[in-house]
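Chemist: Quick one: the structure is below, and I'll ask about it shortly.
The values are calculated or read from the model by the stated rules, or taken from the named source; none is laboratory data. The structure displayed is predicted, hence computed values, not measured ones. Glycine also receives a Cβ, built like all others from the backbone with ideal geometry; neighbour counts cover every protein chain displayed. Just the protein is used for accessible areas: all its heavy atoms, side chains included, with ligands, DNA and RNA removed. Shrake-Rupley method; radii C 1.70, N 1.55, O 1.52, S 1.80 Å.
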Amino acid sequence: MTSGHDSVRSDLFIGGAWRPGGAGEFDVLDPATGEVVARVSDGTETDGVAAVDAAAAAFPAWAAAAPRERSEILRRTFELMLRDREELARLISAENGKALADARAEVTYAAEFFRWFAEEAVRTAGDYGSSPSGGTRTVVSHKPVGVAALVTPWNFPAAMATRKLAPALAAGCTTVLKPASETPLTTLAVVRLMVEAGLPDGVVNVVTTKRSGPLVSAWLADPRVRKISFTGSTEVGRVLLRQAADRVVNTSMELGGNAPFVITEDADLDLAVEAALVAKFRGGGQACTAANRFYVHADVAVDFADRFGTAVEKLSVGPASEGNDVGPLISVRAVEEVRSLVERAVASGATISHRAAVPEDGGFYYPPTVLIGVPDDADIVQNEIFGPVAPLVTWTDEAEMLRLVNGTEMGLAAYVVAGDLGRALRISEAIDAGMVGVNRGLVSDPSAPFGGMKQSGLGREGARAGLEEFLETQYFSIHWPR
Ligand code: NAD
């Protein structure tokens, strides 16, 4: 059972061995053609228990391993990912559909988490001090949380896995990982590189499955699982938070977004267009940080729409293998959802001002589209589009614009392009979002704390904070007679 890509195993990976799943196999499709690229083992809850058995058995030795030892495995994985960058990028494009340039950038970004946490793994933090009343000494230390369940989405098949695996392993946790069933191949390829880097058996276990709900529920009910780190929709995150409550499982949640992109009247419009193209069309708009709604000052709205729209019309859309700028969406259903949002926006008064061309047949394509005159309460502004559509809303009063920007339950990313940095910072600080790109369309950085406010999530990934999500604090209150 190997996939079309020679280097990728399509079985489950449990206790250091590749083995078939109990529920047969399922297909992984190429969104650019709709054709099957691989068949992957379908794991059951029983396979899930076997994965936890392996992770629990490996935990004591891994937790006790020297930080330097853990660090070096992570560092070697970083180097191996860069060695195989092109092959990994092609695999991401094959199962996810994203443009090769985006896939290559994802591999580099994903690999950086191994480098960053290889460095963090050896910087163990602690504290020592006297209690205020004297005599007693307080020593603060940290322990790995324990076996961690990691659940990842399809939109960044490499990075969403490495952003969890690297800090979990640096902290001394062992893991059970369930990648999205749409894109399991890249995760399996990364794990194979971790094995090459010296990963001990049982430290990382991967269960691919079509039965996400039952598998993850079984993990959350298992007393040996002490942590869940989830990236995906707010809807599923809420379900998992409820389940985690039963056993008070430690949770990290990276959930949905609805990023505003604000352009002021004094903004450099060339810069605004450049940032908007990145924030909107990276991965075809299927990023949790994707700009979802553009608030353009009325004084520059026509000029910006014209320049941005002209650039959007020039985007080449098609299979990644042909070197296009934008690929297909992940599924037929995704195309239908985006189409429906655009139709409803047009029915409520918006106009399609610019559009790119898409291949006529095959693949799950939706044309990159600019919508102008969008009412500020339109569904397309209120909901995560997850597709290549840019709705433009105009504003004149800053306070009113900020009210609209913050009038959502989501608070992941935001973007502000302004001519004056002081003003950009004032606007940025007034936005309830975990990450704000100022005069740029990208916020992801392994050394920075990635995460959202409000219903966009709990906790942070990357930075020092990403490691702390996998650590428990323990202190010793020490008294000794003198
Ligand atoms: P999703 O919530 O449908 O799926 C995410 C993962 O959860 C997948 O592995 C899926 O198989 C699994 N899953 C689905 N139902 C489940 C259930 N009942 N119990 C347990 N697991 C279940 O999300 P998606 O469609 O794969 O990804 C898109 C969403 O992810 C968007 O909302 C996007 O904003 C969000 N996202 C957030 C971040 C972030 O860092 N905040 C990053 C990427 C994507």
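Chemist: Give the angle, between 0 and 90 degrees and rounded to the nearest 10, that separates the Cα long axis of helix 45-64 from the longest principal axis of the Cα atoms of the chain.
Modeler: With both axes taken from Cα atoms, the answer is about 60 degrees.
Chemist: If you don't mind, another one. Tell me the angle of helix 100-121 to the major Cα principal axis of the chain, expressed in degrees between 0 and 90 and rounded to the nearest ten.
Modeler: Orientation of helix 100-121: about 30 degrees from the principal axis.
Chemist: Mind giving me the nanometre distance, one decimal, between the label points for Ala63 and Ser217, set 7 Å out from Cα along Cα→Cβ?
Modeler: 2.9
Chemist: Now, a different point. Taking the chain as the reference, fit the longest principal axis to its C-alpha atoms, fit the long axis of helix 184-196 to the helix C-alpha atoms, and give the angle between the two in degrees, 0 to 90, nearest 10.
Modeler: Compared with the principal axis, the helix lies near 40 degrees.
Chemist: 222 nm [θ] for the chain, helices only, -39500 (n - 2.57) per DSSP H run of 4+, per residue, to 500?
Modeler: Here the helix-only value at 222 nm equals -12500 deg cm²/dmol.
Chemist: Related question: Using only the Cα atoms of the chain, what are the Rg and Dmax in Å?
Modeler: Rg, Dmax (Cα atoms, Å): 23.2, 84.
Chemist: What does the highest-first list of 78-90, 412-424 look like by mean Cβ count within 10 Å?
Modeler: Details: 78-90: 18.6, 412-424: 21.3.
So the order, starting with the most tightly packed, is 412-424, 78-90.
Chemist: Before anything else, pin down the relative contact order of the chain: Cα pairs under 8 Å, at least 6 apart, normalised by residue count, whole percent. Can you show the working numbers first?
Modeler: Working: 1162 pairs, mean separation 87.3, N = 482.
Once divided by the residue count of the chain, the mean separation gives 18 percent.
Chemist: Sticking with this structure for a sec: Determine which aspartates and glutamates satisfy two conditions relative to Lys454: a Cα distance under 20 Å, and not lying fewer than 8 residues away in the same chain.
Modeler: Partners within reach: Glu235, Glu254, Asp377, Asp379, Glu384, Glu409, Glu429, Asp432, Glu469.
Chemist: Past 25 Å, Cα to Cα, is the threshold; run Lys227/Lys280; Lys164/Lys210; Lys164/Lys314; Lys98/Lys314; Lys143/Lys210; Lys280/Lys314 against it and keep the listed order. Intermediate results must be reported in sequence, preceding the final value.
Modeler: Working: Lys227/Lys280 33 Å; Lys164/Lys210 21 Å; Lys164/Lys314 36 Å; Lys98/Lys314 17 Å; Lys143/Lys210 34 Å; Lys280/Lys314 15 Å.
Where the Cα-Cα span goes over 25 Å, the pairs concerned are Lys227/Lys280; Lys164/Lys314; Lys143/Lys210.
Chemist: Find out how many positive minus negative residues lie around Thr369, taking Lys and Arg as positive, Asp and Glu as negative, among other residues whose Cβ is under 11 Å from that of Thr369.
Modeler: Values: positive: Lys280, Arg339, Arg355; negative: Glu313.
Here the count lands on +2.
Chemist: With +1 on each Lys and Arg Cβ and -1 on each Asp and Glu Cβ, how big is the dipole of the chain about its Cα centre, in debye rounded to the nearest 20? Before the final figure, lay out the partial values.
Modeler: Values: 45 positive and 62 negative charges, 391 e Å.
Using only the charged Cβ atoms, the result is roughly 1880 debye.
Chemist: Turning to a different aspect of this structure: Heavy atoms only, 1.4 Å probe, whole protein assembly: order Arg440, Arg333, Arg403 by accessible area, highest first. Show your work: numbers first, answer last.
Modeler: On the way: Arg440 125, Arg333 170, Arg403 145 Å².
Of Arg440, Arg333, Arg403, the descending order of accessible area is Arg333, Arg403, Arg440.
Chemist: Three principal axis extents, largest first, for the C-alpha atoms of segment 1-96, in Å?
Modeler: Rounded to whole Å, the extents work out to 47, 35, 18 Å.
Chemist: Name the residues of segment 358-395 whose amide N is less than 19 Å from a point 7 angstrom out from the Cα of Lys314 along the C-beta direction?
Modeler: Backbone N within reach: 358, 368-371, 390.
Chemist: Find the Cα radius of gyration of segment 70-156, compare it with 2.2 N^0.38 Å by division, and give the number to two decimals. Before the final figure, lay out the partial values.
Modeler: On the way: Rg = 19.8 Å, N = 87, 2.2 N^0.38 = 12.0 Å.
The value comes to 1.65.
Chemist: With a/c under 1.5 counting as rounded, go ahead and sort segment 316-440 into rounded, prolate or oblate using the C-alpha gyration tensor (a ≥ b ≥ c being the square roots of the eigenvalues; past the cut-off, prolate if a/b is larger than b/c, else oblate). Please report the intermediate quantities before stating the final value.
Modeler: On the way: a/c = 2.19, a/b = 1.66, b/c = 1.32.
Judged from the Cα gyration tensor, segment 316-440 comes out prolate (a/c at least 1.5, a/b above b/c).
Chemist: A follow-up question, please. For a quick check of understanding: with a 1.4 angstrom probe and all protein chains in place, what accessible area in square angstrom does Met453 have, to the nearest ten?
Modeler: Accessible surface of Met453 is approximately 80 Å².
Chemist: Output wanted: per-residue J couplings in Hz (rounded whole) for segment 230-244, from phi through Karplus 6.51 cos²θ - 1.76 cosθ + 1.60, θ = phi - 60°, x for Gly and Pro.
Modeler: 10, 10, x, 6, 4, 4, 6, x, 4, 4, 5, 4, 4, 5, 5
Chemist: For segment 152-229, what number results from the quotient of the Cα radius of gyration and 2.2 N^0.38 Å? Walk me through the numbers on the way to the answer.
Modeler: On the way: Rg = 12.1 Å, N = 78, 2.2 N^0.38 = 11.5 Å.
That ratio works out to 1.05.
Chemist: Now for a separate question. Considering only DSSP beta bridges whose two residues both sit in the chain, what percent are antiparallel, to the nearest 5? Numbers along the way, then the final one.
Modeler: Numbers: 32 of 69 bridges.
Counting DSSP beta bridges with both partners in the chain, the antiparallel share is about 45 percent.
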